[in-house]
């Protein structure tokens with residue numbers, strides 16, 4: 001279980017076969033795509049973002065709820081998108097916009113192991129990855145939350161677009177009590193990790209973020225941001241150990257020692273780290289209300 | 001969500017550190033410390049609403065025993081709700097699921113007792129959570145890092161249980 005593989009590039013071999021089997025992958029709504037474009041533009045301003053978002057009242061409200069949650073820890077209320085951008089910065093607001101969209105639109109209802117448990121696990125990994133990245137002083141700490149939140153989105157894609165294969169994998173999990181990741185690879189020679197990263201790549205998310213999702217079970221092969229891949233990998237494991245939500249199976253992946261080292265944690269620090277992560281995970285309560 | 005959430009009406013979440021976590025039985029430990037000896041809060045902390053997963057298991061339709069309780073909603077292929085979480089499964093329910101092509105369901109583990117109300121997956125006990133953690137790490141404790149994580153997680157549950 002948890003063997004390292006070299007399969008990380010999108011569009012190679014097995015994934016091409018899978019893509020041919022599905023008609024279309026979900027696209028980002030224009031407002032979220034626009035926000036993404038704006039953030040990638042070095043000349044972007046808070047009012048650009050505000051203009052992109054403000055007509056979508058429901059999305060705006062959801063964003064404000066998130067930025068005012070204990071997750072971000074501001075004592076004064078943030079009352080407008082512009083204000084949010086000024087206080088939090090563009091990358092964070094982009095991540096919040098994405099989170100708000102994904103939690104609402106991509107709810108994965110009907111997932112056999114419970115969509116609510118799925119999103120709680122995903123939010124937990126987001127919170128844990130964010131904490132680990134900050135702890136390590138990673139440059140891409142902002143993206144760690146989104147990478148964590150979206151690390152398992154491939155399961156929703158598989159459930160929606162490759163239902164029979166996905167159910168076969170779930171059956172194997174039920175029969176053999178193994179990791180869903182391993183069952184998926186047995187059934188379809190790919191996994192939710194690669195499939196999810198394909199979706200995020202289509203959404204034009206930053207490539208190091210796409211990579212972190214693609215390799216969250218095999219972080220050693222990361223080339224763009226081994227640090228980000230390591231924290232998402234570790235965050236997944238710690239979140240499972242803390243029984244936060246469900247990944248669709250009852251097992252836990254074996255940690256990559258290289259990733260562990262890269263995340264900068266000594267074995268003697270594990271106890272403190274686990275307690276610290278548990279504290280971070282508690283902050284996702286506000287996000288849970290949006291599921 | 002919906003129209004009642006206006007821009008000026010987002011509730012403040014200051015003081016959220018005393019709010020009990022709903023996301024895991026392993027997590028209340030920190031909140032319990034923050035809340036001291038507030039017994040009402042401690043009771044709420046044990047009423048973990050979302051971690052019925054500890055006593056849920058995924059089974060194939062053909063393996064359903066009469067009287068087992070659904071631990072999660074069951075949907076058909078188009079996202080329509082077929083059966084709700086908490087329903088006690090009868091042979092007729094199983095037939096319905098077969099007809100609609102459902103392959104597996106989540107049931108509350110070990111709750112085939114026909115007497116009394118269906119077990120509420122949310123009011124879970126720490127024993128089951130500890131068992132679940134131990135099961136998760138089976139065969140992995142040879143790895144010092146996995147072992148340390150296992151012990152840390154178990155430790156948090158055990159101290160939460162004592163409170």
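For n ≥ 4 DSSP H runs only, could you compute -39500 (n - 2.57) per run for chain A, divide by its residues and tell me the 222 nm figure to the nearest 500? Spell out each step's value before the answer.
Working: 17 runs with 184 residues, N = 291.
Roughly -19000 deg cm²/dmol at 222 nm, from the helical runs in chain A.
Order of A:260, A:203 from fewest to most other C-beta atoms within 10 Å? Numbers along the way, then the final one.
On the way: A:260 22, A:203 18.
Neighbour counts put them in this order, fewest first: A:203, A:260.
Once you put a point 7 Å from the Cα of residue B:134 and another 7 Å from the Cα of residue A:272, both along the Cβ direction, what distance in nm separates them?
Distance between the two pseudo-spin positions: 3.0 nm.
Please tell me the relative contact order of the range B:55-108 in percent, rounded to the nearest whole number, where contacts are Cα pairs under 8 Å and at least six residues apart. Mind showing how you got there, number by number?
Working: 87 pairs, mean separation 27.9, N = 54.
Relative CO of the range B:55-108 lands at 52 percent.
What Kirkwood radius, in Å to one decimal, follows from the Cα pairs of the range A:47-175? Each step should come with its number before you reach the end.
Details: mean 1/r = 0.0623 Å⁻¹.
Taking every pair of different Cα atoms in the range A:47-175, averaging 1/r and inverting gives 16.1 Å.
Could you work out how much longer the chain between residue A:207 and residue A:75 gets when fully extended? Use 0.36 nm per residue separation minus the Cα distance between them, nm to one decimal.
Working: separation 132, 0.36 × 132 = 47.52 nm, distance 3.37 nm.
So the extension gain works out to 44.2 nm.
Would you work out the relative contact order for the range A:98-158, in percent, from Cα pairs under 8 angstrom that are 6 or more residues apart?
On the way: 49 pairs, mean separation 22.1, N = 61.
Once divided by the residue count of the range A:98-158, the mean separation gives 36 percent.
What is the list of residues in the range A:140-183 whose amide nitrogen lies under 18 Å from a point 7 angstrom out from the Cα of residue B:100, following Cα to Cβ?
Residues A:160, A:163-164, A:167 qualify, since their backbone N sits under 18 Å from the label point.
In terms of the Cα gyration tensor, with a ≥ b ≥ c the square roots of its eigenvalues, is the range A:27-105 rounded because a/c is under 1.5, prolate because a/b exceeds b/c, or oblate?
Values: a/c = 1.66, a/b = 1.20, b/c = 1.39.
Since a/c reaches 1.5 but b/c is at least a/b, the shape of the range A:27-105 is classed as oblate.
Fewest Cβ neighbours within 10 Å first, please rank A:79, A:197 accordingly. The partial results should precede the final answer.
Working: A:79 14, A:197 29.
Fewest to most other Cβ atoms nearby, the residues stand as A:79, A:197.
Take the Cα pairs of chain A, get the Kirkwood Rh, then feed it into Stokes-Einstein at 25 °C and 0.890 mPa s and tell me D in µm²/s. All intermediate terms of the calculation are to be shown ahead of the outcome.
Details: Rh = 19.1 Å.
In µm²/s, the coefficient is 129.
Counting only C-alpha contacts under 8 Å and six or more residues apart, can you give the relative contact order of chain A as a whole percent?
Relative CO of chain A lands at 24 percent.
Is the range A:158-239 best put as rounded, prolate or oblate by its Cα gyration tensor, with a ≥ b ≥ c the root eigenvalues, rounded for a/c under 1.5, and otherwise prolate when a/b is larger than b/c, oblate when not?
Oblate shape, in that a/c is at least 1.5 and b/c is the bigger or equal ratio.
Just check the range A:193-291 against the gyration tensor rule for me: Cα atoms, a ≥ b ≥ c as the square roots of the eigenvalues, rounded for a/c under 1.5, and otherwise prolate or oblate depending on whether a/b exceeds b/c.
Values: a/c = 1.75, a/b = 1.15, b/c = 1.51.
Verdict is oblate for the range A:193-291.
Among A:208, A:83, A:216, which comes first, then next, by fewest other beta-carbon atoms within 10 Å? Can you show the working numbers first?
On the way: A:208 19, A:83 16, A:216 35.
Fewest-to-most Cβ neighbours within 10 Å comes out as A:83, A:208, A:216.
Compute for the range B:55-108: radius of gyration divided by Kirkwood radius, i.e. Rg/Rh, restricted to C-alpha atoms, rounded to two decimals.
0.91
Each reported figure results from applying straightforward, stated rules to the coordinates on display, with no laboratory input. Everything numeric in this text was worked out from a predicted model, so none of it was measured. Heads up, the Cβs are rebuilt from the backbone with ideal geometry, glycines too, and the neighbour counts pull from every protein chain shown.
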